[in-house]
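*Asks:* Let me give you the structure first, and then I'll get to my questions.
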Amino acid sequence: GDQLWMKENLKVTHYRNGDAIPTGYSASEWTILSTSAYAVYNDDESNADTYGYLYNWYAVDDSRNIAPEGWHVPTDEEWMELEMALGMSESEANSSGSYRGTDQGSQLAGRADLWMDGDLENNAEFGTSGFTVLPGGYRHIDGNYNFMGDDGCFWPSTETSSTAARYRIVSYVYSGVCRYNYYKQLGFSVRCVRD
């Protein structure tokens, strides 16, 4: 479409104003956070080289801005615009709670060597968009790390309640894209779009 997206997941450690984004929280500390933070999967810095960092939604929403100058964390509507540019119907884009679309998840994904074998990479459209979603997993609200190799999970900037926000998941078992709401404490990847 008319959007310009980053090709890699965000891996910034400071806000735009230079303040450090807090990190290094244990599982029990992560569970009770209601302020911004980031983590690297399994606390292994080498994972950031491939997958970027995992940010809670409070970091996404912080007024100091985690996106570099000239970029921003996309809204739910901007994610929908991307999905529809790849052929998802408007009615499917507006739905939530399950995997929507036909092959938009497969189009968005990339690097078959990193994904578990399933419908996502076995779709003929796998990797055709150049977006290159990777299966970086996430940090659960209990502080544990889950599903590297299975899921690529992303925060838009759109909240749905005082405790929850929208998210996107591309999973190895589906060729579509999940859109739903979940707790803001989750650590998800972030992909930015040009202002």
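The values are calculated or read from the model by the stated rules, or taken from the named source; none is laboratory data. Computed from a prediction, not measured in an experiment: that's the story for all the values here. Cβ sites come from the backbone with ideal geometry, for glycine too, and all protein chains shown count toward neighbours. In case anyone asks, the SASA skips ligands and DNA or RNA and just uses the protein heavy atoms, side chains included. Shrake-Rupley method; radii C 1.70, N 1.55, O 1.52, S 1.80 Å.
*Asks:* Pop out the carbon and sulfur fraction of the accessible area of the range 138-195 as a percent, whole number, probe 1.4 Å.
*Replies:* Ligands and nucleic acids excluded, carbon and sulfur reach 46 percent.
*Asks:* Net charge within 15 Å of G136 by Cβ-Cβ distance, Lys/Arg positive one each and Asp/Glu negative one each, not counting G136 itself? Write down the numbers at each step before the final one.
*Replies:* Values: positive: K7, K11, R111, R139, R168, R191; negative: E8, D43, D44, E45, D49, D113, D150, D151.
So the surrounding residues net to -2.
*Asks:* If you place +1 on the Cβ of every Lys and Arg and -1 on the Cβ of every Asp and Glu, how big does the dipole about the Cα centre of the chain come out, in debye to the nearest 20?
*Replies:* So the dipole magnitude of the chain works out to roughly 320 debye.
*Asks:* Of (1) 56; (2) 68; (3) 73, which is the value of percent of Cα pairs over 19 Å apart derived from the coordinates here?
*Replies:* Label (1) holds the value from this structure.
*Asks:* Between V173 and S95, what is the label-to-label distance in nm when each label sits 7 Å out along the Cα-to-Cβ direction?
*Replies:* 1.8
*Asks:* Of E78, E125, which has the most accessible area with a 1.4 Å probe, and how do the rest follow in descending order?
*Replies:* Details: E78 40, E125 70 Å².
Per-residue accessible area, sorted high to low, gives E125, E78.
*Asks:* For an R0 of 35 angstrom, estimate the FRET efficiency from the Cβ-Cβ distance between E45 and A124 and round to the nearest 0.05. Present the calculation step by step, with values, prior to reporting the outcome.
*Replies:* Details: r = 36 Å, r/R0 = 1.03.
Computed FRET efficiency for E45 and A124: 0.45.
*Asks:* Now, a different point. Quick one: accessible surface of K7, probe radius 1.4 Å, all protein chains present, in square angstrom to the nearest 10.
*Replies:* Near enough 130 Å² of accessible area.
*Asks:* Right, something else. Can you give the angle from 0 to 90° between the axis of helix 76-85 and the longest principal axis of the chain, with both taken from C-alpha atoms, to the nearest 10?
*Replies:* 30
*Asks:* Next question, about the same structure. For q values of 0.23 Å⁻¹, compute log₁₀ I(q)/I(0) with the Debye formula on a Cα-only model of the range 98-181, without solvent.
*Replies:* Ignoring solvent entirely, the Cα scatterers give -1.05.
*Asks:* Return an integer: the convex hull volume of the alpha-carbon atoms of the range 36-148, in Å³ per residue. Can you show the working numbers first?
*Replies:* Details: hull volume 15.6 nm³, N = 113.
Expressed per residue, the convex hull around the Cα atoms of the range 36-148 is 138 Å³.
*Asks:* Same structure, new question: With each run of n ≥ 4 DSSP H residues scored as -39500 (n - 2.57), what mean residue ellipticity at 222 nm is computed for the chain after dividing by its residue count and rounding to the nearest 500 deg cm²/dmol?
*Replies:* Numbers: 7 runs with 40 residues, N = 195.
Value at 222 nm, helices only: -4500 deg cm²/dmol.
*Asks:* Still on this structure, please answer the following. Mind grabbing the accessible area of H72 for me, 1.4 Å probe, Å², rounded to tens?
*Replies:* Result for H72: roughly 50 Å² accessible.
*Asks:* While we're here: Please list, in order along the range 185-195, the HN-Hα scalar couplings obtained from phi with the Karplus expression 6.51 cos²θ - 1.76 cosθ + 1.60 (θ = phi - 60°), rounded to whole Hz, x for Gly and Pro.
*Replies:* Result, rounded to whole Hz: 6, 4, x, 10, 6, 9, 10, 9, 10, 5, 4.
*Asks:* Over the range 39-195, average the accessible area per residue using a 1.4 Å probe and give it in Å², no decimals.
*Replies:* Working: 6250 Å² over 157 residues.
The answer is 40 Å² per residue.
*Asks:* Sticking with this one: Any idea what the relative contact order of the range 65-184 is, in percent, if you count C-alpha pairs under 8 Å spaced at least 6 apart?
*Replies:* Values: 252 pairs, mean separation 31.9, N = 120.
Relative contact order for the range 65-184 comes out at 27 percent.
*Asks:* Please report the accessible area of D113 (heavy atoms, 1.4 Å probe, ligands and nucleic acids excluded) in Å², nearest 10.
*Replies:* Here the accessible area works out near 110 Å².
*Asks:* Something else: Provide the net charge surrounding D62, with neighbours chosen by a C-beta distance below 14 Å and charges set as Lys +1, Arg +1, Asp -1, Glu -1. Please list the in-between numbers first.
*Replies:* Values: positive: R16, R64, K184; negative: D19, D61, E159.
Spelling it out: positives minus negatives among the neighbours equals 0.
*Asks:* Next question. Using a 1.4 Å probe on the protein heavy atoms, what percent of the accessible area of the range 12-80 belongs to carbon and sulfur? Please report the intermediate quantities before stating the final value.
*Replies:* Details: 1480 of 3160 Å².
Its accessible area is 47 percent carbon and sulfur atoms.
*Asks:* On to the next question. In a Gaussian network model over the chain where Cα atoms closer than 10 Å are linked, find which of D44, D150, D119 has the largest mean-square fluctuation.
*Replies:* Comparing D44, D150, D119 in the GNM, the peak value goes to D44.
*Asks:* What does the charge count near F188 come to, summing +1 for each Lys or Arg and -1 for each Asp or Glu among other residues with Cβ under 9 Å from its Cβ? Could the numbers behind the result be given before it?
*Replies:* Details: positive: R139, R168; negative: none.
Summing Lys and Arg as +1 and Asp and Glu as -1 gives +2.
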